[in-house]
Amino acid sequence: MLKNLDPVLSADLLWVLAAMGHGDDLALVDANHPAETIARATTSGRLVRLPGLTMERAARAILSVLPIDDFEADPVRRMQVVGDADAIPAVQAAVQRELDHARGAPAPLAGIERFAFYDAARAAFAVVQVGDPRPYGCFLLRKGVIAGEPG
């Protein structure tokens, strides 16, 4: 255990988050997602598993350390419901609340069609799979920067 660090943030997850660069995407996906297959195609080739967690709990931990890109209009995206692109399932509403809390302001999730999401996830830096079985709990988070002076 480390002080002031969410215990959900495993060593593997922290490595992935720290190794990502500005503009890299993290695919945060549910238990139903073909995560192993897609993770092999990512930059890191890594799949980090967080079994037994809800999507919002995992998102809260990740958003506690991951800066979200503020140079783009849609830095956090969600998989759209097939046949009803405007629907917001409960799992997506829960992650939306975590995102808004972390950013300190509303930041609506942009929708991506299912197969376009799979393609975007393959182009991500890594995949994190949560044990949450609720469908459409699939998100892409684009890493931003933490600006400051050296030293």
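The values are calculated or read from the model by the stated rules, or taken from the named source; none is laboratory data. As the structure is a prediction and not an experimental result, all values here were calculated from the model. Ligands, DNA and RNA are excluded from the accessible area calculation, which covers all protein heavy atoms including side chains. Shrake-Rupley method; radii C 1.70, N 1.55, O 1.52, S 1.80 Å.
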Debye intensity ratio in log₁₀ form over the Cα atoms of the range 8-100, taken at each q of 0.10, 0.16, 0.26 Å⁻¹: -0.27, -0.74, -1.72
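Whole number in Å², please: accessible area per residue of the range 1-40, 1.4 Å probe, ligands, DNA and RNA not counted. Intermediate values should be presented prior to the final figure.
Working: 2160 Å² over 40 residues.
On a per-residue basis, 54 Å².
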